[in-house]
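Note sheet for the following structure.
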Amino acid sequence: MANLTTNKNFLSPIGFQLIINREKYGNIEYFCTGVTLPSIDLSEASLPFRGVNHAVAGDRLNFSPLTVVFNVTEDMENYIETFNWMHDSIKQGDVAEDAELLIFNSHNNVSKKIKFNGIFPTSLDSLEFNSQNESLEYLQATVSFKYTNFEIL
């Protein structure tokens, strides 16, 4: 029988911090407002036996992209950081970085670390400038990252 948890507190959606590479991508990290922990799928294999296919666990994990939302600064430094990272990947080849997503508990202490190996940006959303908005809403950008693997530490 599985051990039941003794911690009955629920996970807060606002207790997190993303760390990529502070020297190169400090603006993305600092202005990050949202991260979607990717889904993970285990492929299955069919094993034919006596007229039926038995499903067995496969040997490949499939990871969805890591999605990060950040507030765009007035001088667009963090947007340009990401833009340049994508351009550098074409010019220089492998510019992948490791990243950590820190999850905080109800006392604002790190309870889990999720390490992403070899992330690199694959898409950067558009920014919509619109002078007809009725209220001021600051621009946010969404960037999607591919990676090799992630593990919960």
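Read the figures in this text as sums done on the coordinates, not as results from a lab. Keep in mind that what you see is a predicted model, and the values were worked out from it rather than measured. Every residue, glycine as well, gets a Cβ built from its backbone with ideal geometry; the counts of neighbours run over all protein chains shown.
The dipole here belongs to segment 2-153: it is taken about the Cα centre, uses +1 on the Cβ of Lys and Arg and -1 on the Cβ of Asp and Glu, and is about 840 debye.
Modelled spin-label separation between residue 40 and residue 12, with each label point placed 7 Å from Cα along the Cα-to-Cβ direction: 2.6 nm. Dividing the summed -39500 (n - 2.57) terms of all DSSP H runs of n ≥ 4 by the residue count of the chain sets its mean residue ellipticity at 222 nm at -5000 deg cm²/dmol. The length gained on full extension between residue 142 and residue 107, counted as 0.36 nm times the residue separation minus their Cα-Cα distance, comes to 9.7 nm. Segment residue 73..residue 149, full-extension length gain: 24.3 nm, with 0.36 nm per residue of separation and the alpha-carbon distance subtracted. Taking the square roots of 5 times each eigenvalue of the Cα gyration tensor of segment 36-153, largest first, gives ellipsoid semi-axes of 36, 19, 17 Å.
Compared with the dominant principal axis of the Cα atoms in the chain, helix 77-92 is inclined by about 60°.
Rounded to the nearest Hz, the phi-derived 3J(HN,Hα) couplings of segment 143-153 under the Karplus curve 6.51 cos²θ - 1.76 cosθ + 1.60 (θ = phi - 60°) are 10, 10, 10, 9, 7, 7, 6, 9, 9, 9, 9, where x marks glycine and proline.
Below 13 angstrom from the Cβ of residue 115, what's the summed charge of the other residues (Lys, Arg +1; Asp, Glu -1)? After counting each charged neighbour, the total is -2. Taken one residue at a time, the phi angles of segment 68-73 give Karplus couplings (6.51, -1.76, 1.60, θ = phi - 60°) of 10, 10, 9, 6, 7, 6 Hz. Gly and Pro are set to x. Relative to the current alpha-carbon distance between residue 130 and residue 63, full extension at 0.36 nm per residue lengthens the span by 20.6 nm.
Here each label is just a point 7 Å from Cα along the line to Cβ, and for residue 88 and residue 33 those points are 2.6 nm apart. Efficiency by 1/(1 + (r/R0)^6): what FRET value for residue 117 and residue 55, r their Cβ-Cβ distance, R0 = 30 Å, to the nearest 0.05? Calculated value: 0.55.
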